[in-house]
Amino acid sequence: MVPFPRLQALFANFSHTYARICDDDGHGLERRRAEMLLDRAAVMDITGVEKIATDSGSLSKFINLLAELRFALLFAHVGGRVEILPDAAFGIGYYTPDLRVTFPDRLVFLVEVIRGSSGSPDLMEDLDAALKREGIPFRVTDLLGVRLSAAAPDGRTRQENEALCKRVVHEATVGLLAAHSKGLTDGVVHVRAVDSDLRHELRGGRPQRLPLEEDVPCRPGETWVASFVFEPSTLATGYAAGGVTSGHFLDENRQRARFLRDLQNKASKRQKLPPEYASIPYLVAVQNDEHELTTISVLSALTGSRQAFPDSAFEPAKRLQEHPIARPEPVISAARSGWGPVLEAWDYDSNVEVRFTDDGAYLDHRWAKELSGVIVAHGGWLLQWLPNPFATAEINDPRILRIGLPLNKLGTMAPEETGWPF
């Protein structure tokens, strides 16, 4: 029996690419997701799914293309006819986005899809593979220091953290092999750093509690990187059993800045569309796998940061009477042009009870006028739909408010039929 029949049929003429994906997708998780999505795409009559095979040169690219398929399923679920567009669909010298969506009322829009991968260091897969490869019969729980707990918004730090994860796993594996050779069944391996060098320390015996940073003594100049608590595995092999990250402050400003940079990059491409698409709404859809980019961060980045009133003793009406909030002229104009529902949902209406410390990208940045809206899928569960009332006139179409996506400013659970949470 073929385990992934639709997927394998799709890659029938790209066997080398499929073999590379299989090698990198060791547990088959991404292929299983793809098979489920392809089953649903066949029912929804989405065209262009062959792009997943023709453009997948690696597992990472394959996962990015599955994000396009998920959003295609979302728009099909709310009644659109969806085409996944090949890269050169609009001709040489022109920019081609990822999706074209057409609704029965003749509303057409284009969608560019981004996958925002997690910047949190991840050593679990390498640790699990090392335990199985070396035949270490332990159940291992990892406890991570701040460096391996905080997400990195920039590519350079991500690469450094990935390299550090591999070195930490190597050091932990050496310690766990030593424990096994000594006949230990319970204990902990601490990994510390001195500048760029790592060292491990093995301690036998079950710890009274999972070690915290203050429980791991360090020499002068050393920092605690991670600890690995081990005990006998109840399975046929050893395995990584998950763990605990250290508490840390979310770097909201850098996450927000990275999110806006990604959107600005996509917004700049609209001017490279063929002339016949210059007046068609243009959306950016983001599959956000970065848990530290929250729904509040996204809302604030695009529509402005909210601030509570300092004195909660007054009733809202009295506060507004004594401290009226002036609405910017673009907000007033948008409210007259059919955008009232979204402005009300964002606290921009005439009964607003919160102040804004800034106006957000939609009002503040010229490049944001090239976007008709942004939809973000957070971790595959929450859908956050933020259409842009202040887009440039030729792509400003209030009909996008009525395509069936809820306007809840902090997101709504994704319907299962759309391919999430798979």
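Only a single criterion out of (1) at pLDDT 95 or above; (2) touching a strand residue (DSSP E or B) at 6+ places or on another chain (Cβ under 9 Å) is not satisfied by THR418, namely (1). Cβ-Cβ contacts under 9 Å between residues 6 or more apart (or on different chains), taken from a first residue in the range 71-100 that is within 17 Å of LEU273 (Cα to Cα) and without any contact (Cβ under 8 Å) to a residue 24 or more places away in the chain to a second residue that is β-branched (Val, Ile, Thr) and part of a helix (DSSP H, G or I), are absent.
Screening LEU405, LEU371, LEU382 for residues that are of a type outside the set (S, T, N, Q) and within 15 Å of ALA345 (Cα to Cα) leaves exactly one candidate, LEU405. Considering only residues that are in contact with a helix residue (DSSP H, G or I) (Cβ under 7 Å, 6 or more places away or on another chain), assigned to a helix (DSSP H, G or I) and open to solvent by 30 Å² or more (accessible area, probe 1.4 Å), which ones fall in the range 64-96? Answer for the range 64-96, where residues must be in contact with a helix residue (DSSP H, G or I) (Cβ under 7 Å, 6 or more places away or on another chain), assigned to a helix (DSSP H, G or I) and open to solvent by 30 Å² or more (accessible area, probe 1.4 Å): just HIS77. Within the range 268-297, if we keep just the residues that are part of a loop (DSSP other than H, G, I, E, B) and within 15 Å of GLY379 (Cβ to Cβ), the residue that is most open to solvent (accessible area, probe 1.4 Å) turns out to be HIS291.
Which residues, counting only those in the range 42-60, are assigned to a helix (DSSP H, G or I), surrounded by fewer than 16 Cβ atoms within 10 Å (Cβ to Cβ) and of a type in the set (Gly, Ala, Ser)? Of everything in the range 42-60, those that are assigned to a helix (DSSP H, G or I), surrounded by fewer than 16 Cβ atoms within 10 Å (Cβ to Cβ) and of a type in the set (Gly, Ala, Ser) turn out to be ALA42, SER60.
When each of ARG33, ARG6, ARG20 is tested for being touching a residue at least 40 places away in the same chain (Cβ under 8 Å), in a helix (DSSP H, G or I), charged (D, E, K, R) and in contact with a helix residue (DSSP H, G or I) (Cβ under 9 Å, 6 or more places away or on another chain), the lone residue that passes is ARG33. Considering the conditions (1) open to solvent by less than 50 Å² (accessible area, probe 1.4 Å); (2) farther than 22 Å from ARG147 by Cα, ALA241 is excluded by exactly one of them, (2). Screening ARG147, ARG133 for residues that are more than 30 Å from GLU83 (Cα to Cα) and either touching a Phe, Trp or Tyr at 6+ places or on another chain (Cβ under 7 Å) or at pLDDT 90 or above (or both) leaves exactly one candidate, ARG133.
The values are calculated or read from the model by the stated rules, or taken from the named source; none is laboratory data. All of these numbers come straight from a predicted model, not from anything done at the bench. Backbone-built Cβ (ideal geometry, glycine too); neighbour counts: all protein chains shown. Side chains included, ligands, DNA and RNA excluded: accessible areas come from the protein's heavy atoms. Shrake-Rupley method; radii C 1.70, N 1.55, O 1.52, S 1.80 Å.
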